[in-house]
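Data first, discussion second: the structure below is written as structure tokens.
The values are calculated or read from the model by the stated rules, or taken from the named source; none is laboratory data. Quick caveat: nothing in here was measured; it's all calculated off a predicted structure. As a convention, Cβ positions derive from the backbone with ideal geometry for all residues, glycine included, and neighbour counts pool all protein chains shown.
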Amino acid sequence: MTIKEIVRRTGYSRGLIRQILRGQRSDVFRTRESSLELHLPWLDAQWAAGAYNSAELWRRLKLEGFRGSRRVVGEWATRRRHADRLDLERLQRVPSARTLARLLTTARDSLSRAQTVTVAAIETGVPALVEAREIIAAFHVMIRKRAYGSLDLWIARARSSLVSSFANGIVKDHGAVLSVITSPWSSGQVEGQITKLKLVKRQMYGRAKLDLLEARLVPAP
């Protein structure tokens with residue numbers, strides 16, 4: 001069937017269907033794999049050890065109590081091989097700086113399998129990026145916990161890392177940053193009102209002069 005027809009019959013999104021067909025998802029449409037559920041950890045371990053022959057896997061799996069057909073194991077192996085090939089292709093492409101920043105600052109539980117492999121490769125090959133991630137995380141913790149006593153120590157560490165430019169900016173605005181950590185006041189409300197004002201102006205397609213903005217934002221007396 002075409003992707004469009006599968007979408008129509010199942011109700012799933014086109015993007016999800018494409019991921020399944022490319023071997024990037026295996027958590028849906030597994031009615032024929034239901035008999036494999038209890039044996040998936042064993043299969044993963046065998047695959048990691050270099051056992052890629054589906055027929056041999058099926059014969060070994062029968063000794064473990066599997067009662068399914070050889071075709072089920074063959075289909076699983078095909079999808080696994082396809083997914084591994086896609087992961088290898090992604091690793092061979094150098095991610096952009098924006099992608100690296102997003103991957104390194106995203107919780108591990110929120111990453112896909114391919115993204116987890118990429119992060120592991122980055123951590124092994126570029127330890128300086130791991131240090132930069134830890135420094136940024138320490139900055140977030142310092143702000144949240146208002147640990148102003150740690151600011152100078154953090155600056156000293158950060159100025160010798162990949163985020164030295166950010167640390168130098170903190171040094172230039174040392175007083176303002178220290179106030180952010182120690183003061184209970186916040187500019188969040190002001191920033192929110194500015195964002196709202198800009199949104200209203202964009203909704204009026206550039207015609208939002210002062211009189212129109214006042215009519216929309218200031219209540220009538």
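Kindly indicate the residue of the stretch 78-114 that is at pLDDT 80 or above and among the β-branched types (Val, Ile, Thr) and also farthest from the chain's Cα centre (by Cα) among those meeting that condition.
Among residues in the stretch 78-114 that are at pLDDT 80 or above and among the β-branched types (Val, Ile, Thr), the one farthest from the chain's Cα centre (by Cα) is 78.
Residue 179 - would you say it is among the polar types (S, T, N, Q), surrounded by 14 or more Cβ atoms within 10 Å (Cβ to Cβ), part of a helix (DSSP H, G or I) and free of Cβ contacts under 8 Å to residues at least 24 places away in the same chain?
Numbers: among the polar types (S, T, N, Q): yes; surrounded by 14 or more Cβ atoms within 10 Å (Cβ to Cβ): no; part of a helix (DSSP H, G or I): yes; free of Cβ contacts under 8 Å to residues at least 24 places away in the same chain: yes.
No, not satisfied.
Condition first: in a helix (DSSP H, G or I) and either in contact with a His (Cβ under 8 Å, 6 or more places away or on another chain) or closer than 30 Å to residue 140 by Cβ (or both). Can you find one or more residues in the stretch 202-210 that meet it?
First pass over the stretch 202-210, keeping only residues in a helix (DSSP H, G or I): 202-203, 210.
Now narrow it down to the ones that are either in contact with a His (Cβ under 8 Å, 6 or more places away or on another chain) or closer than 30 Å to residue 140 by Cβ (or both): none.
No; the residues of the stretch 202-210 include none that is in a helix (DSSP H, G or I) and either in contact with a His (Cβ under 8 Å, 6 or more places away or on another chain) or closer than 30 Å to residue 140 by Cβ (or both).
Looking at 131, 214, which one is acidic (Asp, Glu), more than 30 Å from residue 83 (Cβ to Cβ) and in contact (Cβ under 8 Å) with a residue 24 or more places away in the chain? Talk me through it step by step, then tell me what you get.
On the way: 214 fails: in contact (Cβ under 8 Å) with a residue 24 or more places away in the chain.
Just a single option satisfies the conditions, and that option is 131.
Tell me which residues, restricted to the stretch 115-131, are modelled with pLDDT of 85 or more and polar (S, T, N, Q).
Listed by number, the list holds a single entry, 124.
What about residue 144, is it more than 30 Å from the chain's Cα centre (by Cα), of a type in the set (Lys, Arg) and surrounded by fewer than 13 Cβ atoms within 10 Å (Cβ to Cβ)?
Details: more than 30 Å from the chain's Cα centre (by Cα): no; of a type in the set (Lys, Arg): yes; surrounded by fewer than 13 Cβ atoms within 10 Å (Cβ to Cβ): yes.
No: the conditions fail for residue 144.
Looking for whichever is among the hydrophobic types (A, V, I, L, M, F, W, C), over 27 Å from residue 186 (Cβ atoms) and not assigned by TED's automatic domain parsing to the domain that holds residue 105 here; the options are 130, 163, 171. Which one fits?
Among 130, 163, 171, only 130 is among the hydrophobic types (A, V, I, L, M, F, W, C), over 27 Å from residue 186 (Cβ atoms) and not assigned by TED's automatic domain parsing to the domain that holds residue 105.
Looking at the stretch 38-77, which of its residues are closer than 22 Å to residue 116 by Cβ and either in a helix (DSSP H, G or I) or modelled with pLDDT under 85 (or both)?
Residues satisfying the conditions are 40, 41, 42, 43, 44, 45, 46, 47, 48, 76, 77.
Is it the case that residue 134 is at pLDDT below 85, acidic (Asp, Glu), surrounded by fewer than 16 Cβ atoms within 10 Å (Cβ to Cβ) and assigned to a helix (DSSP H, G or I)? Talk me through it step by step, then tell me what you get.
Details: at pLDDT below 85: no; acidic (Asp, Glu): yes; surrounded by fewer than 16 Cβ atoms within 10 Å (Cβ to Cβ): yes; assigned to a helix (DSSP H, G or I): yes.
Answer is no for this residue.
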